[in-house]
Each structure stands twice: as structure tokens, then as C-alpha cells.
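No lab work stands behind these numbers, since they all come straight from the coordinates. In this text, all values refer to a predicted model and were calculated from it rather than measured experimentally. Because the Cβ atoms are built from the backbone with ideal geometry, glycine has one as well, and the counts that use them run over all protein chains shown.
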Ligand SMILES: [Mg+2]
């Protein structure tokens, strides 16, 4: 049965009415919770998510309309379908109920088959809403990720690096950044083809992802074969350790491509800022420029090495 396990909150001050409706809903496979007025229901909703709520109109403490208004005021991640139960006499006030945030209404006494049809509509709306949320999340990921490697793209870096720097300054934290560039990448493309080049980029992205701290550090593809690693709360010594570990891993882990082991190395430029109570204003551009300068030195002095600096 499709309805099994969907939580429903039933709000009614009439014990008899609650008993009947709750039995009907349970028989249809719903997981029913109950509240005797709007206030009690709001309290329940603070710690529980109910995809569907059935609420009576006239209740002590907080009535159905006040509940709908208060409930819709709080921001929710997932949608809740609100059905208002009202008596025949209350029918002319329905606009008020719908304006307060109810999606639908049912006249009391509730007709069982009508209730089931309304719940079916509710589930259809909820399904649509969740697939819409899923699509939005996918679109968001597509817009911030590099499709080849899955790491963040340049746009994400441009947008979020300034925030990271501001956060480090505000909370007086160390902050480091690594710019990494694969050595002789053009040669790989020229010798083995662009698919080999793509495989090498994916291979290196996986190594980077396995080296940095999850949830704290992040990496973006900066250019063709260039990556920027953002390391919040990391001082220069720690940043050097990360860069050196990465350099070593890449140099000692050839990329397997169509039976060939493609050897790769990478060069690194790092820039670190020590936590300070009165930090000099520094922009993302300045940090990237400084890291790029170090990277250039690493390249000029023989590649496969790390050159560090502080700002
Ligand atoms: Mg009532």
C-alpha cells in the first residue's frame, strides 16, 4: 500500500472525532499523531515533520486558522499539505482559512471516501514538490561543479574564496591556500590524447579529495590543469605538510590509462595568513596572485616541488 508510513498529524479538540478519523487514517496505512489544539500541534511540529496535517477549525487555546498562520510562518525544508476541517456553517469563512495557509478543506462530518481522495491529492503535490527540490539541487550542483572532475568550478571559487577570507579574519583564524599545477600536462595530451589528459585530471582530483579534510577544506578547478585548494584554519607549517604530501602522492601514484601507467608530477605554490587581531585587509585576488607567484617559482626551479609563502 502506497500510504504506508506517511506521518499525518490530526488536530482536533473533540476526542470522539479524533478517534474516528485516526482509525480511518490508520486503516489506510498512515502513521497518525494527534494534538488537541493548535498550540499543542505547533509544539509537536518543532521536533517532527508531518507531510500532511489535518486540522479542525474551532478549538480552544489556538484555533485552526491561527495554527495555519503560525505554521506557515516558520520556514520549512519540506512542504506540508494542510487540510482544514470545517462545519457546514463555517463554509462562508473558507477564504479566510485558505488565506491563512490551508491547501484544502473538508466539511464535517468527514466523508471517508472524500478524505481518501483529498489525501491522494496531497501525496501527489508532495511528490511533485520533492522531485522539484531534487531537480533544483541537481541544477545547483551542476552550476557549481566542474563536470569532468566533480570538484568545485572557477565560479564557485570566485564567489566563495572572499567569504572564506572574511570569515578567517572575523574569527581570528589561520588561513591557507594552495595553487597546484600539473607538470608537462600538454605532453600527456600530445602523447596519449585528450582522453588520457582527462583521465589524469580525474585521477589527480581523487588524490586531492583523499588528502584534504572533509567538510573543512575544499578544492576548485582553477584552469585547465590547475587546482586551488582552500584550507581554512591552517597555518603555514600545516599547509606545507598538505602540499608536500600531495606532491609526493601524485609523483608516486601513476595514472592507469588503457593499460599504461602515466607518470605525473605537480608543482605547488602556497600562501598562508597567520591569525591576527588586526589583519591587513587582503583580497582573494591578492592571495591567488601570491600563490601563483610561488607556483611560478616552483616551476622555474625544476617542477615537482612546493614553494610556500605567507602574507
Ligand atoms: Mg472543534
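A few remarks follow.
- Ranked by the mean number of other Cβ atoms within 10 Å of their residues, highest first, the peptides 263-272, 162-171 come out as 263-272, 162-171.
- Note on segment 86-165 and segment 52-84: Cα centroid distance 16 Å, given to the nearest whole angstrom.
- Helix 15-27 axis versus longest C-alpha principal axis of the chain: approximately 50°, rounded to the nearest ten.
- Restricting the calculation to Cα atoms, segment 220-277 shows an Rg/Rh of 1.09 when the hydrodynamic-style radius is the Kirkwood one.
- 0 to 90° range, to nearest 10: angle between helix 284-300 axis and the chain longest Cα axis: 40 degrees
- Remark: the Cα gyration tensor places segment 117-222 in the oblate category, a/c being 1.5 or greater and a/b not exceeding b/c.
- Judged by the mean number of other Cβ atoms found within 10 Å, the most tightly packed of the peptides 137-143, 187-193 leads the ranking 187-193, 137-143.
- Sorting the segments 172-181, 127-136 by their mean number of nearby beta carbons within 10 angstrom, highest to lowest, gives 172-181, 127-136.
- Helical contribution to [θ] at 222 nm, DSSP H n ≥ 4, -39,500 (n - 2.57), averaged over the chain, rounded to 500: -15500 deg cm²/dmol
- Applying 0.36 nm per residue to the separation of residue 94 and residue 136 and subtracting their alpha-carbon distance, the gain on full extension is 11.8 nm.
- The angle between the Cα long axis of helix 154-170 and the main principal axis of the chain comes to about 90°, on a 0 to 90 degree scale.
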